[in-house]
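The values are calculated or read from the model by the stated rules, or taken from the named source; none is laboratory data. Everything numeric in this text was worked out from a predicted model, so none of it was measured. Note that each Cβ is placed from the backbone with ideal geometry, even for glycine, and that neighbours are counted across all protein chains shown. Keep in mind that these areas ignore ligands, DNA and RNA; they rest on the heavy atoms of the full protein, side chains included. Shrake-Rupley method; radii C 1.70, N 1.55, O 1.52, S 1.80 Å.
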Amino acid sequence: MQNIPNTNMNPCVLPTPVPDDAGDKRWHSIHRRFISDCREKDPDVIFLGDCIFETLQDSETWNQYFAPLHCLNFSIRDDCTEHVLWRIENGALDNVNPKIVVLHVGTNNVNNSAAEVAEGILANVSKICEKLNGAYVILPSLLPRGQQPNKLREKNAKINELVKEMTKGMDRVQTVAIDKGLVQCDGTISHHDMFDYKNLTNTGAKKIFEPLYELLSQILNENELERDLTPSE
């Protein structure tokens with residue numbers, strides 16, 4: 001009997017590499033560099049995701065808050081859920097044992113429904129938990145985008161609601177809201193916070209990432225305390 005493809009399959013949960021449309025294999029080169037970093041370094045925290053985390057890497061906020069926590073940043077600008085999922089399945093979290101993985105992905109899945117994107121995020125969470133059995137998975141909320149109110153903003157807010165509900169009760173998986181304070185009273189977003197109304201400035205990053213920093217510090221301190229209290233054999 002001929003196999004009939006399942007046309008109802010959610011593309012957000014299908015591990016997919018980014019097509020090399022430019023011909024320079026840049027995306028795959030970045031992925032291989034991340035794999036090499038896993039072999040050479042011993043991070044406590046790995047940031048995994050898209051443009052929001054990639055731009056964070058070069059910010060004052062990263063240097064002040066996250067670099068001292070022994071973090072590595074495995075984020076690529078235009079990645080969607082299916083691209084990060086492919087990277088996880090193809091070595092991005094091999095040969096490494098972080099205490100925490102911070103995942104931010106989904107804002108680039110502009111052609112998918114909120115439900116599809118939420119399922120894609122959950123597929124990434126499941127794969128991270130499978131690869132790193134004892135690690136915490138932290139899910140910062142997707143950020144609002146666009147100078148004026150728009151449908152993508154509404155969709156990201158819906159994705160946040162769905163992911164929060166779907167992860168409720170999951171062991172070592174936690175959402176954290178970082179989307180407060182970007183939208184002003186008149187519904188607009190300032191270019192002082194998001195220079196292109198999608199990615200953060202240094203000012204915007206400092207404004208919203210403090211709750212994430214506090215959560216990571218708390219988990220790492222508790223983890224260290226548990227280790228100190230565990231009797232040696």
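Residues with beta-carbon under 13 Å from that of Lys151, excluding Lys151: net charge, scoring Lys, Arg +1 and Asp, Glu -1?
Within the 13 Å Cβ shell, the charges total +3.
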(message) How far apart, in nanometres, would the label points at Asp78 and Glu130 be if each is projected 7 angstrom from Cα along the Cα-to-Cβ direction?
(response) 2.8 nm
(request) Using only alpha carbon pairs under 8 Å that are at least six residues apart, calculate the relative contact order of the chain and give it in whole percent. (result) 19 percent
(request) Considering only protein heavy atoms, with the full assembly of protein chains and a 1.4 angstrom probe, order His31, His70 by accessible area, largest first. (result) His70, His31
(request) Could you pull out every one of the lysines with an alpha carbon less than 25 Å from that of Lys158, ignoring same-chain neighbours closer than 8 positions? (result) Lys127, Lys168, Lys180, Lys198, Lys206, Lys207
(request) Would you kindly compute the Cα radius of gyration of region 19-105 and its largest Cα-Cα separation (Dmax), both in Å? (result) 12.6, 37
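Starting from the alpha-carbon convex hull of region 97-218, give the projected area averaged over all orientations, in nm².
7.7 nm²
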(message) Assuming 0.36 nm per residue, please report the length gained on full extension of the stretch Tyr213 to Asp196 beyond their Cα-Cα distance.
(response) 3.7 nm
(request) Report the charge-dipole magnitude of the chain in Debye, nearest 20, computed about the Cα centre from +1 at each Lys and Arg Cβ and -1 at each Asp and Glu Cβ. (result) 440 debye
(message) With θ taken as phi - 60° and the coefficients 6.51, -1.76 and 1.60, list the Karplus ³J(HN,Hα) couplings across region 206-222 in order, rounded to whole Hz; mark glycine and proline as x.
(response) 5, 5, 9, 8, 4, x, 5, 4, 5, 5, 4, 4, 4, 5, 5, 5, 5
(request) Give the Kirkwood hydrodynamic radius (Å, one decimal) of the chain, defined as one over the mean of 1/r across all pairs of different Cα atoms. (result) 18.5 Å
(request) Positive end of the charge dipole of the chain (Lys, Arg +1 and Asp, Glu -1 on Cβ, about the Cα centre): tell me which of Ile219, Gln184, Pro98 has its Cα farthest that way. (result) Gln184
(request) Search the structure for amide H atoms under 5 Å from the amide H of Tyr136, placed 1.01 Å from N in the peptide plane, and list their residues when 5 or more places away or on another chain. (result) Ile100, Val101
(message) Order 202-211, 188-197 from most to least packed using the mean count of other Cβ atoms within 10 Å.
(response) 202-211, 188-197
(request) At 0.36 nm per residue, minus the direct Cα-Cα distance, what do Lys41 and Ser113 gain on full extension? Give it in nm, one decimal, please. (result) 22.2 nm
(request) Compute the label zone of Asp179 within region 185-203: residues whose backbone N is under 15 Å from the point 7 Å along Cα-to-Cβ. (result) 187-189, 198-199
(request) Would you mind telling me the antiparallel percentage of the DSSP bridges in region 84-233, rounded to 5? (result) 20 percent
